[in-house]
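Colleague: A single structure is presented below for examination.
Bear in mind that the values in this text are calculations on the coordinates, not laboratory data. These numbers come from a predicted model, not from an experiment. Counting neighbours? That spans all protein chains shown, and the Cβs are built from the backbone with ideal geometry, glycine included.
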Amino acid sequence: MSALKAPQPTEKTPRTRGVSAMVGITDSPFPYPHPAPPRNPEIYAPSSPHPPLPLVEINSMGQFIDLFRSLRSPRKQHFKSATTGVATKNMRNELNRLVNTVSDPDTRKAFDTEMQSFFYLFTRYLAEKAQSKELDWDRIKSPAAEQIVPYDNLSESTDPSVLNKLAVLKVNGGLGTSMGMTGAKSALEVKDDMTFLDLTVRQIEHLNTTHRVDVPLILMTSFNTHEDTLRIIKKYANQQLRITTFNQSRYPRINKETLMPLPRSATDDKSKWYPPGHGDLYNALMHSGVLDQLLAEGKEYLFVSNSDNLGAVVDQKILQHMIDTNAEFIMEVTDKTKADVKGGTLIDYDGNVQLLEIAQVPSEHTEEFKSVRKFKIFNTNNLWVNLKALKRIMENEGMELEIIVNPKVTEDGVSVIQLETAAGAAIRHFKNAKGINVPRSRFLPVKSCSDLLLIKSDIYSLEHGQLVINPNRMFGTTPVIKLGDHFKKIAQFQKRFKKIPKIIELDHLTVTGDVYFGRNVTLRGTVIVVANEGQRIDIPDGCVLENRLLSGNLTMTEL
């Protein structure tokens with residue numbers, strides 16, 4: 001096995017997975033996309049000691065101080081470069097050793113290419129760390145008016161045939177571990193016994209049959225969800241919809257202390273690896289062959305969203321605006337609330353629009369970032385991408401996205417880091433890119449059981465797989481729901497609600513402690529239920545709570 005080196009962008013991953021026999025459903029021929037870095041990384045590995053300092057005659061303390069200042073920075077930079085070189089060499093050797101643990105030639109070649117991509121990301125991380133590269137906060141401004149278009153300013157679309165140029169991609173790599181799930185999160189039943197995937201399929205099938213168009217569904221999975229997803233989508237074989245799946249990259253977690261990969265072999269436990277964020281989308285599309293497949297089918301635009309965002313449905317007005325204005329990239333943003341203070345936002349940086357994530361913000365500016373005064377909008381991760389432009393960028397300059405360092409601690413207490421990227425960061429690579437400030441209804445993610453209660457409730461109904469707010473709801477906003485730790489996991493959530501309460505007239509609900517809800521419970525106004533330590537509250541069948549505080553001793557207080 002030759003020494004690990006970065007491949008050229010034209011290198012292809014060997015086909016290691018065949019096309020599924022299921023009619024209308026294809027699995028990308030690549031089990032993992034193995035994105036090649038856009039160019040060879042420059043590896044600094046000093047072969048000789050730093051040259052000796054010249055002899056300088058010093059006649060005063062001032063001269064000494066000036067000399068010390070002039071030498072301090074280069075010396076410090078040299079030390080960082082030297083340590084970077086050592087870390088790079090050690091990582092390269094370890095990755096070569098990992099590659100050599102694979103016996104099958106085709107699998108080894110595919111895995112080798114994937115590790116080269118990771119190695120390139122790692123060298124970028126080290127170089128940026130050595131240079132202390134970070135944004136100059138004083139140059140960050142709120143986006144200009146022309147960089148963010150209000151949704152209400154968009155024209156109606158009159159030609160549904162443009163939908164034939166569209167494909168829909170769902171980022172489907174999440175496990176839902178924060179909600180106590182172990183399988184693909186998109187398999188969770190969220191409304192009327194239908195899962196996230198069921199609703200997506202229903203939406204796109206309705207779009208295709210209503211307008212007699214062909215909009216395919218693309219699912220980007222991770223090594224955590226790929227097999228699960230292939231099993232689940234078999235039930236859609238007879239739908240009026242083509243489904244293609246492909247797998248994003250699998251990178252080794254990095255030991256924070258040693259800067260070495262955690263896995264000792266390519267087949268090591270899943271806990272030693274991680275999917276490197278949805279920013280991997282572009283490389284994955286390119287090197288899985290899916291991008292070329294879409295272009296060959298005449299698809300020009302791709303609508304990307306997270307599979308757990310139930311508000312992310314195809315919007316013909318946005319597609320038409322993209323076509324009319326020749327925008328190569330559109331990010332849907334929406335107004336920030338207190339619940340969204342950590343969400344990434346669009347900024348103007350030296351006249352260019354780009355994404356700013358909280359992980360990139362210096363600690364002394366974190367509160368300013370969370371404020372709605374300067375940063376009024378946040379990224380919904382609903383993205384519209386011109387596929388021809390993406391092909392041009394990937395083949396020419398490549399796409400370097402800002403690295404997000406995600407620190408984690410393993411179950412056995414080892415501190416590790418994951419180098420990730422965000423899909424929205426690609427906005428700065430495209431021509432005429434912009435944001436569109438969309439209604440909040442286009443951002444309905446299910447990140448917790450509190451979100452799930454809202455979606456399952458009578459606040460929403462379904463029309464062709466799309467959530468529609470109940471016309472009997474008197475307010476345009478949805479109620480605020482805060483469920484305590486006893487409701488954090490799906491299994492507990494399901495056990496504590498015999499039936500989802502009626503909340504059409506609810507403004508605010510807070511529940512903490514050991515609480516159980518009976519059938520046909522109605523909640524109105526502001527309802528707070530608090531079961532103290534060692535106490536349990538059972539809300540009986542048919543109970544109506546309106547503007548009530550229910551405490552652990554089962555007394556009711558009118559609010």
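Colleague: What is the local net charge at Lys391, summed over the other residues whose Cβ is closer than 13 Å to its Cβ (Lys, Arg +1; Asp, Glu -1)?
Modeller: -2
Colleague: What is the distance in Å between the Cα centroid of the stretch 195-215 and that of the stretch 495-511?
Modeller: Each part's Cα centre sits 31 Å from the other's.
Colleague: Taking the dipole about the Cα centre of the stretch 259-307, with the C-beta of Lys and Arg at +1 and of Asp and Glu at -1, give me whichever of Gln293, Tyr282, Met260 is farthest to the positive side.
Modeller: Of Gln293, Tyr282, Met260, it is Met260.
Colleague: How about the stretch 272-342: which trypsin sites (Lys or Arg not before Pro) there are in a DSSP loop, with at most 16 other Cβ atoms within 10 Å of their Cβ?
Modeller: Loop-located and lightly packed - Lys342.
Colleague: Ordered by packing density, taken as the mean number of other Cβ atoms within 10 Å over each peptide's residues, highest first, how do 366-377, 273-284 rank?
Modeller: 273-284, 366-377
Colleague: Shape verdict for the stretch 174-240, please, from the Cα gyration tensor: rounded (a/c under 1.5), prolate (a/b greater than b/c) or oblate.
Modeller: Prolate is the answer for the stretch 174-240, as a/c is 1.5 or above and a/b outweighs b/c.
Colleague: Rg to Rh ratio, the stretch 464-548, alpha-carbon atoms and Kirkwood radius?
Modeller: Rg/Rh: 0.98.
Colleague: Could you tell me which of rounded, prolate or oblate describes the stretch 387-471, using a ≥ b ≥ c as the square roots of the eigenvalues of the alpha-carbon gyration tensor, with rounded for a/c under 1.5 and, failing that, prolate when a/b is larger than b/c and oblate otherwise?
Modeller: oblate
Colleague: Can you tell me the mean projection area, over all orientations, of the convex hull of the stretch 176-309's alpha carbons? Units nm², please.
Modeller: Mean projected area of the Cα convex hull: 10.1 nm².
Colleague: With only alpha-carbon pairs counted, each pair once and no self-pairs, how large is the Kirkwood hydrodynamic radius of the stretch 297-387 in angstroms?
Modeller: Averaging 1/r across every pair of different Cα atoms and inverting gives 14.6 Å.
Colleague: Okay, next question. For Val149, what residues show an amide H to amide H distance below 5 Å, using hydrogens built from the backbone and excluding near sequence neighbours?
Modeller: Excluding prolines and chain starts, which carry no amide H, the hits are Gly435, Ile436, Asn437.
Colleague: Rounded, prolate or oblate: pick one for the stretch 75-198, where a ≥ b ≥ c are the square roots of the eigenvalues of its C-alpha gyration tensor, a/c under 1.5 means rounded, and failing that, prolate if a/b is larger than b/c, else oblate.
Modeller: It comes out oblate by the Cα gyration axes.
Colleague: Residues with amide H under 5 Å of Ile404's amide H, sequence separation 5 or more or different chain, H placed in the peptide plane at 1.01 Å from N; which?
Modeller: Excluding prolines and chain starts, which carry no amide H, the hits are Glu420, Thr421.
Colleague: Could you tell me how far the Cα centroid of the stretch 423-479 sits from the Cα centroid of the stretch 346-386, in Å?
Modeller: Centre-to-centre distance over Cα atoms comes out at 20 Å.
Colleague: Moving on to the next point. Students often check this: by mean Cβ neighbours within 10 Å, which of 381-388, 304-311, 427-434 ranks highest, and how do the rest follow?
Modeller: Going from most to least packed, we get 304-311, 381-388, 427-434.
Colleague: While we're looking at this one, here's another question. What does the net charge come to around Phe111 if you take all other residues with beta carbon closer than 10 Å to its beta carbon, with K and R at +1 and D and E at -1?
Modeller: -1
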